[in-house]
Amino acid sequence: MSFTRPFNPLDAAAEIETALPVVKHRKVTARLWRHSQARIGMILGILLLCFVIIGPIIYPHDPAKPDYGNKLAPPGSQHILGTDQSGRDQLARLMEGGMRSLGSALLVLGSVSSAGLVIGLIAGMSGGWFDALAMRLVDVMMALPGMVMAIAVVGVLGPGFINLLVALVISSWAYYARLTRSYVLTARQRQDVISARLAGIGWGRVIFTHILPGVLTQLIVIVTLNLGSMIAWISGLSFLGLGVQPPKAEWGAMLSGSRFYFTFAPWLLLGPAILIFLSVISANLIGNALRDILDPKANE
Amino acid sequence: MNEIATIQYQGLNVTYATGVHAVRGVSFDVRRGECLSLVGESGCGKTTMSHAALGLLPANTRLSGSININNIDILAASSNELRQLRGLVAGFVVQDPYAACNPLARVEDHVAEAWHAHGMTVPDQAVVQGITELGIQEPGTMIRRYPHQWSGGMLQRATIAAASAHNPNLIIADEPTSALDADRADTTLEALKQTGAALLLVSHDLAVVSRHADRIAICYAGKVVEIGDSQEIIKERRHPYTSGLLKAIPSLHEGLPEPMPGYPPDLRYQIAGCAFAPRCPHAMNICLETPPKMANGVACHLYVEHDHAKEKITRQTSTKELPRVSDRPPPEVKAKVLAEAREVSKTYRQGTRLTHAVRSASLQIKQGEIVGISGPSGCGKSTLLRLLATMEIPDAGEVYLDGELATRAGSKKIHSNLARKAYLMPVFQDPISSLDARWPIWRTIVEPLTAPHRKNQLSKEQSRQIAYDLLKGVGLENVDIEARPAELSVGQCQRVAIARVLAAKPKIIIADEPTSALDVSVSASILHLLVEFIEQERAIVIVSHDRPMLNVLCDRVLEMYDGLLVSNS
């Protein structure tokens, strides 16, 4: 590639002075859209959201109504994706279950990351006994495998969807607290922070203007990358029977329920499996792109 | 030149995949046993030239011309031929010896690798011998140690021993001294010359290089603009760029270094005439039209007889008078003391190891003074500044700001809040990380004005106007005030950082190595900005390892060594 541009001798000096790159500052969403991977992820995500939010409104079947005379019906004109082992409409159940799977994954990640953020921020800024205590607790939590921990907590609380979410929050906040704290520890030594402090800006404002924006962008990236695995976790625990109880639908529970009929009704397994797969892909594509875009050192 | 050239460049052109035409038709040679140094500022193509000689450029780089080492054309050589060449015929020494060494391997392993890489067994005692020749004491025990247990200067000598293990004809050294303290640079370059090989030395430091190189090639915008005997180059200053470069170096120039106007050209574009013409004080019409040819060691139209177009371009130059150190009134004897450290000490504890960063140092900063503190890295200079800014509390002694007690050993409280009211403002070594990477620069600049104790109510428009005016004051009127630090050059970021300091109007600027990350011509302009700041009631404390710079800039220079502050004016 070679660039040529008209050369005007008289303006040469002035031209050199102004030959600095002019960069347009686009919003993050616009830059995300220009990122081809992210665009695929976003289209996929929007389609999935439409499926679980608008779908139940326009699709006439009741996901919880059994029809024992019409069990395990293959896909056809009356039931587009057929019916399950109790004669319930599979498509309607996928829509309702998707709402529960995706919504709860977002809910868990939201509460986990805000809890981790608050604990990590206080620990990193205060130091002292709170820091020591919080970090030893984090060590303990991180030493235990998350899945085992979640199963144990559900075991104590009893099976149920709400209990499952509580268990997931308890078993995964530690990672976010540790991440936030380590970021805060480096950020408070940063030269722009020292300059602001010497100029007379208080810690409170320094945290909100210099430190938090950096932590948040890191957390957003981690949360999107973890969204996929969180969907898989919730589905997995529901598959084990620790989450959603029938007749409520959830993708993981649907997989679990349909596995006995795999040989003669494989569509029951394929539906939730493909949807889980697509959600994980979509979240990972967006997360990867966010990591590239939110890096402040990278020029567009 | 009837001697055989060890390495010969002929019309070398290098274009990177990004479209940057980094080297533009370079021809020179290095003769047997000679030391040639490529000198220039960042982005001038000197490193690209040296890496091309060993086939170290990325695979998708376009090269033309030729480089001959021992009659092998490097650009046409296969990777097998290149491997035979590297180490055996041409050695390579990199900038940072610690980065060049695996921290988990002993130093002897690194030197021995020179043989292992070519499938040879190490001759008996060869490693110890190589190291001894380069003047390392107790080589037998030293080589058993790990890289972090060696000092930087010593470790660089070990990498030189590895590079010269097979007595190569040529050693290429890419900035071998810039990661080291100034006093280590001379011994390192001596060690390089001692190997007896022809030496291609890449450096940005004309002052150091001029003491050691036989010949110097000055590079600008991908070309060699002047080449010749190093003493002659320093003395004659024929090319205007050479002369500008020398004026910007404190140790080679009388008085305060003079900055060079403008910026180097963008190497993605074609350049019609002489690349330096837009910045050149002697530019003529022909300079903008035809590229000058190398003749008698200098590529400049000034030294060629032309029939036409010799008239000089008149252009608007900035009429702003540069301040001179000698013009500045000497600080009054009875001037008020702005800040004082009395017998302060600071010790850091790491496990059981104690580091006495500052030992009982006393320092007074008076109005109107520029105080320099010099010393090698790790001598406690930066800690002393942090103590003065009450960012840390001393283990012994007191710090006074404006006559009031600010911090005292044993008391966790900060007694005077002055240092949290922009009484002192810092300028740091690395300008890019001293600005918030997420913020547009205008927001960084006006941040001090938004501090609660000022009770300012600035609208966004007012802030942007103030930022624009301040940026103009530091010579950045062409920069977009919405730009983020990553879009600016290092020198521009340092100017933004200074604009922020000027906005805060502090009584004292504490500058920690403010120029050591910058090119010489840029650092000269930064020093001018700092000197302009000085008025009767203000002061600057400047910390640097660059003693000549401090000598021309400061009213008094203090020496710091191993935590001890020694006064000598």
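The values are calculated or read from the model by the stated rules, or taken from the named source; none is laboratory data. This structure is a prediction, so every number in the text was calculated from the model and none was measured. Note that we place each Cβ from the backbone using ideal geometry, even for glycine, and neighbour counts take in every protein chain shown. Ligands, DNA and RNA are excluded from the accessible area calculation, which covers all protein heavy atoms including side chains. Shrake-Rupley method; radii C 1.70, N 1.55, O 1.52, S 1.80 Å.
Of the residues A:Ser77, A:Ser86, which is of a type in the set (S, T, N, Q), surrounded by fewer than 12 Cβ atoms within 10 Å (Cβ to Cβ) and modelled with pLDDT under 90?
On the way: A:Ser86 fails: surrounded by fewer than 12 Cβ atoms within 10 Å (Cβ to Cβ).
Matching residue, one of A:Ser77, A:Ser86: A:Ser77.
Here's the yes/no breakdown for (1) farther than 25 Å from A:Val138 by Cα; (2) at pLDDT 90 or above:
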site	(1), (2)
A:Gly160	yes, no
A:Leu164	no, no
A:Ile170	no, no
A:Tyr176	no, yes
A:Arg181	no, yes
A:Val184	no, yes
A:Arg188	no, no
A:Ala196	yes, yes
Filter result (β-branched (Val, Ile, Thr) and assigned to a helix (DSSP H, G or I)) within the stretch B:26-53: B:Thr47, B:Thr48
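From the list A:Leu290, A:Leu255, A:Leu285, which residue is more than 14 Å from chain B (Cβ to nearest Cβ) and over 18 Å from the mean Cα position of the chain (by Cα)?
Numbers: A:Leu290 fails: over 18 Å from the mean Cα position of the chain (by Cα); A:Leu285 fails: over 18 Å from the mean Cα position of the chain (by Cα).
Only one candidate qualifies: A:Leu255.
Condition test on B:Pro261, is it in a loop (DSSP other than H, G, I, E, B), within 14 Å of chain A (Cβ to nearest Cβ), open to solvent by 50 Å² or more (accessible area, probe 1.4 Å) and at pLDDT 85 or above?
Details: in a loop (DSSP other than H, G, I, E, B): yes; within 14 Å of chain A (Cβ to nearest Cβ): yes; open to solvent by 50 Å² or more (accessible area, probe 1.4 Å): yes; at pLDDT 85 or above: no.
Spelling it out, it is not the case that B:Pro261 is in a loop (DSSP other than H, G, I, E, B), within 14 Å of chain A (Cβ to nearest Cβ), open to solvent by 50 Å² or more (accessible area, probe 1.4 Å) and at pLDDT 85 or above.
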The stretch B:508-543, subset hydroxyl-bearing (Ser, Thr, Tyr) and either without any contact (Cβ under 8 Å) to a residue 24 or more places away in the chain or in contact with a Ser or Thr (Cβ under 6 Å, 6 or more places away or on another chain) (or both), residue nearest to B:Ile373 (Cα to Cα): B:Thr515
Filter result (more than 31 Å from the chain's Cα centre (by Cα) and either in a loop (DSSP other than H, G, I, E, B) or among the basic types (Lys, Arg) (or both)) within the stretch B:98-130: B:Ala117, B:His118, B:Gly119, B:Met120, B:Thr121, B:Val122, B:Pro123, B:Asp124, B:Gln125
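So, of the residues in the stretch A:254-283 that are touching a residue at least 40 places away in the same chain (Cβ under 8 Å) and in contact with a Pro (Cβ under 7 Å, 6 or more places away or on another chain), which turns out to be surrounded by the most Cβ atoms within 10 Å (Cβ to Cβ)?
So the first thing to find is which residues in the stretch A:254-283 are touching a residue at least 40 places away in the same chain (Cβ under 8 Å), and the list is A:254, A:257-258, A:260-261, A:264-265, A:267-268, A:271-272, A:275-276, A:278-283.
Filter once more, keeping what is in contact with a Pro (Cβ under 7 Å, 6 or more places away or on another chain): A:254, A:267.
Working: A:Met254: 28, A:Trp267: 16.
The residue in question is A:Met254.
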Looking only at the stretch B:457-475, and only at residues there that are under 26 Å from B:Pro261 (Cβ atoms) and of a type in the set (Gly, Ala, Ser), the one that is surrounded by the most Cβ atoms within 10 Å (Cβ to Cβ): B:Ala467
Given (1) of a type in the set (Ser, Thr, Tyr); (2) more than 26 Å from B:Gln194 (Cβ to Cβ); (3) at pLDDT 90 or above; (4) surrounded by 15 or more Cβ atoms within 10 Å (Cβ to Cβ), index of the condition B:Ser64 fails: (4)
Tally, over the stretch A:201-220, of residues that are open to solvent by 10 Å² or more (accessible area, probe 1.4 Å) and closer than 26 Å to B:Cys493 by Cβ: 11
One residue from A:Gly160, A:Gly124, A:Gly110, A:Gly103 being out of contact with any strand residue (DSSP E or B) (no Cβ under 9 Å at 6 or more places or on another chain) and at positive phi: A:Gly160
Residue that is most open to solvent (accessible area, probe 1.4 Å), among those in the stretch B:1-56 that are out of contact with any Gly (no Cβ under 7 Å at 6 or more places or on another chain) and within 14 Å of another protein chain (Cβ to nearest Cβ): B:Thr18
Where A:Ile201 falls short, out of the listed (1) out of contact with any helix residue (DSSP H, G or I) (no Cβ under 6 Å at 6 or more places or on another chain); (2) closer than 30 Å to B:Pro452 by Cα; (3) part of a helix (DSSP H, G or I): (3)
Test: residue in the stretch B:402-420 that is within 9 Å of chain A (Cβ to nearest Cβ), open to solvent by less than 30 Å² (accessible area, probe 1.4 Å) and not in a helix (DSSP H, G or I): no
Sole exception among (1) within 14 Å of chain A (Cβ to nearest Cβ); (2) touching a Phe, Trp or Tyr at 6+ places or on another chain (Cβ under 6 Å); (3) not aromatic (Phe, Trp, Tyr) for B:Val225, by number: (1)
Criterion violated by B:Arg438 - all others in (1) within 12 Å of chain A (Cβ to nearest Cβ); (2) over 35 Å from the mean Cα position of the chain (by Cα); (3) of a type in the set (Lys, Arg) satisfied: (2)
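Restricting to the stretch B:274-286, count the residues that are over 25 Å from the mean Cα position of the chain (by Cα) and at the interface with chain A (Cβ under 9 Å from one of its Cβ atoms). Outline the logic, then answer.
First, the residues of the stretch B:274-286 that are over 25 Å from the mean Cα position of the chain (by Cα): B:274, B:282-286.
Now drop any that are not at the interface with chain A (Cβ under 9 Å from one of its Cβ atoms), which leaves B:283, B:285.
The total comes to 2.
Tell me whether the stretch B:78-95 contains one or more residues that are within 31 Å of the chain's Cα centre (by Cα), open to solvent by 80 Å² or more (accessible area, probe 1.4 Å) and at negative phi. Working first, answer last.
Residues of the stretch B:78-95 that are within 31 Å of the chain's Cα centre (by Cα), as a first pass: B:86-87, B:89-95.
Keeping just the survivors that are open to solvent by 80 Å² or more (accessible area, probe 1.4 Å) gives B:86, B:95.
From what is left, the residues that are at negative phi are B:86, B:95.
Looking through the stretch B:78-95, at least one residue is within 31 Å of the chain's Cα centre (by Cα), open to solvent by 80 Å² or more (accessible area, probe 1.4 Å) and at negative phi.
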Qualifying positions in the stretch B:97-113 - open to solvent by 50 Å² or more (accessible area, probe 1.4 Å) and farther than 11 Å from B:Pro147 by Cβ: B:Glu113
Search result, residues across the stretch B:54-97 that are under 27 Å from B:Ala191 (Cβ atoms) and part of a loop (DSSP other than H, G, I, E, B): B:Leu54, B:Gly55, B:Leu56, B:Asn70, B:Gly87, B:Leu88, B:Val89, B:Val94, B:Gln95, B:Asp96
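Does the stretch A:165-176 contain any residue that is in a helix (DSSP H, G or I) and within 14 Å of chain B (Cβ to nearest Cβ)? Steps first, answer last, please.
Start the filter on the stretch A:165-176 by keeping residues that are in a helix (DSSP H, G or I), which leaves A:165-176.
Next cut, within 14 Å of chain B (Cβ to nearest Cβ) only: none.
Within the stretch A:165-176 (the criterion being in a helix (DSSP H, G or I) and within 14 Å of chain B (Cβ to nearest Cβ)), the answer is no, since none of the residues qualifies.
Scan A:Val193, A:Val184, A:Val223 and give me the residue that is within 14 Å of chain B (Cβ to nearest Cβ) and either outside any helix (DSSP H, G or I) or buried (at least 19 other Cβ atoms within 10 Å of the Cβ) (or both). So that I can check it myself, show each step before the final result.
Details: A:Val184 fails: within 14 Å of chain B (Cβ to nearest Cβ); A:Val223 fails: within 14 Å of chain B (Cβ to nearest Cβ).
Matching residue, one of A:Val193, A:Val184, A:Val223: A:Val193.
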